[in-house]
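Peer 1: Handing you a structure now.
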Amino acid sequence: MKLGDLLLKIVVVLIFLFIYAPLAALVIGSFNAGRNIVEWVGFTFDWYVRAFSNERILAAVYNSFWVAGMVSLAAVVLALLAAVAVEKLSPRIQTGVNNIFYLSIVVPEIAEALTLVLFFLWVNLPLGVGAVILGHLVWFPLVYVVLRARMAGLPKVYEDAARVLGASGLKTFLNVTLPLLMPGVITGALLIFTWSWDSFIKTQFTRGPGFETLPVYIWNAVGGRGRGISPEVNAVATVSLLVSVTLAILYTRFRSR
């Protein structure tokens, strides 16, 4: 093995250690019987039992699933309608519309969150679960991009055959186009669910008093304690990490299909 290849592999390993070592420490610390993450006392599930006996944590988990589920459902509908509509436009107009949709993906989340708060205040929309859902729904172009990529690889012969056989536009869409797009629909829904589940900045800006999702709860639990991080927070963060990793794996598998 050449020296250059060996050094490159060492650098890659060090980079991965730098990225994933804190996550590994978090997971290991959630099973530590002691409160000090540095000193290993023994293996225990007590912190998970305590965490999910906490009504505030359970409410935060429910809120996260509720918001992410509603956002995913609404985003799929909007993205599906937008993708089908844009497909009927000329290539030049398609490019312009695509660029507009891509803006919400590339704009920094902190800038989006601030402008959303200002807009909600301007239109007198109260902050809370509705504002959080609308704020996360701005990411629906994520689903749109996946659906457009899926549509680009579908032959038009199936839709044409359905129309020749007498199917209306609506029946063609429901019975032919939508089933062919379903892998993209599921992939896009998993993607935006993950983004919504993990969102902290936009949720923190748009939530009302007393409304917490899991990332917001973790932030408040860490920032509001003067005695360090509670092992309960490690347990909750580990569960959140597990959900995100599971969604990422599902997304990857559906995308490959």
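Peer 1: Give just the number: which of (1) surrounded by 12 or more Cβ atoms within 10 Å (Cβ to Cβ); (2) over 19 Å from ALA25 (Cα atoms); (3) at pLDDT 75 or above does GLY210 not satisfy?
Peer 2: (1)
Peer 1: What's the number of the condition TRP195 fails, among (1) touching a residue at least 40 places away in the same chain (Cβ under 8 Å); (2) within 30 Å of ARG253 (Cβ to Cβ); (3) open to solvent by less than 80 Å² (accessible area, probe 1.4 Å); (4) in a helix (DSSP H, G or I)?
Peer 2: Failing condition for TRP195: (3).
Peer 1: Which members of region 93-136 meet the condition of being over 25 Å from VAL216 (Cα atoms), open to solvent by less than 50 Å² (accessible area, probe 1.4 Å) and not polar (S, T, N, Q)?
Peer 2: Across region 93-136, the qualifying residues are GLY96, VAL97, PHE101.
Peer 1: Scan (1) within 30 Å of VAL138 (Cβ to Cβ); (2) touching a residue at least 12 places away in the same chain (Cβ under 8 Å); (3) of a type in the set (Ser, Thr, Tyr); (4) open to solvent by less than 80 Å² (accessible area, probe 1.4 Å) for the single condition SER90 breaks and write down its number.
Peer 2: (2) is the only condition that SER90 fails.
Peer 1: Also, quick follow-up: For LEU154, all conditions in the list (1) open to solvent by less than 60 Å² (accessible area, probe 1.4 Å); (2) outside any loop (DSSP other than H, G, I, E, B); (3) touching a residue at least 24 places away in the same chain (Cβ under 8 Å) hold save one; what is the number of the exception?
Peer 2: The number of the failed condition is (2).
Peer 1: If you don't mind, another one. In region 177-186, how many residues are at pLDDT below 85 and open to solvent by less than 30 Å² (accessible area, probe 1.4 Å)?
Peer 2: 3
Peer 1: Within region 9-32, does at least one residue satisfy the condition of being in contact with a Phe, Trp or Tyr (Cβ under 8 Å, 6 or more places away or on another chain) and touching a residue at least 40 places away in the same chain (Cβ under 8 Å)?
Peer 2: The answer is yes, given that some residue of region 9-32 is in contact with a Phe, Trp or Tyr (Cβ under 8 Å, 6 or more places away or on another chain) and touching a residue at least 40 places away in the same chain (Cβ under 8 Å).
Peer 1: While we're looking at this one, here's another question. Would you confirm, using the coordinates I've provided, whether ALA79 is open to solvent by less than 50 Å² (accessible area, probe 1.4 Å), under 27 Å from the mean Cα position of the chain (by Cα) and of a type in the set (A, V, I, L, M, F, W, C)?
Peer 2: Numbers: open to solvent by less than 50 Å² (accessible area, probe 1.4 Å): yes; under 27 Å from the mean Cα position of the chain (by Cα): yes; of a type in the set (A, V, I, L, M, F, W, C): yes.
Judged against the criteria, ALA79 is a match.
Peer 1: Looking at (1) open to solvent by less than 20 Å² (accessible area, probe 1.4 Å); (2) part of a helix (DSSP H, G or I); (3) closer than 30 Å to GLU112 by Cα, can you tell me which one ALA189 breaks?
Peer 2: ALA189 satisfies all of (1) open to solvent by less than 20 Å² (accessible area, probe 1.4 Å); (2) part of a helix (DSSP H, G or I); (3) closer than 30 Å to GLU112 by Cα except (1).
Peer 1: Can I ask one more? Assuming PRO231 fulfils every condition listed in (1) open to solvent by less than 20 Å² (accessible area, probe 1.4 Å); (2) at pLDDT 80 or above apart from one, which condition is it?
Peer 2: Checking PRO231 against (1) open to solvent by less than 20 Å² (accessible area, probe 1.4 Å); (2) at pLDDT 80 or above, the one that fails is (2).
The values are calculated or read from the model by the stated rules, or taken from the named source; none is laboratory data. What you are looking at is a predicted structure, and each value in this text was computed from that prediction instead of being measured. Cβ coordinates were reconstructed from backbone atoms using ideal geometry, including for glycine residues, and neighbour counts include every protein chain displayed. Ligands, DNA and RNA are excluded from the accessible area calculation, which covers all protein heavy atoms including side chains. Shrake-Rupley method; radii C 1.70, N 1.55, O 1.52, S 1.80 Å.
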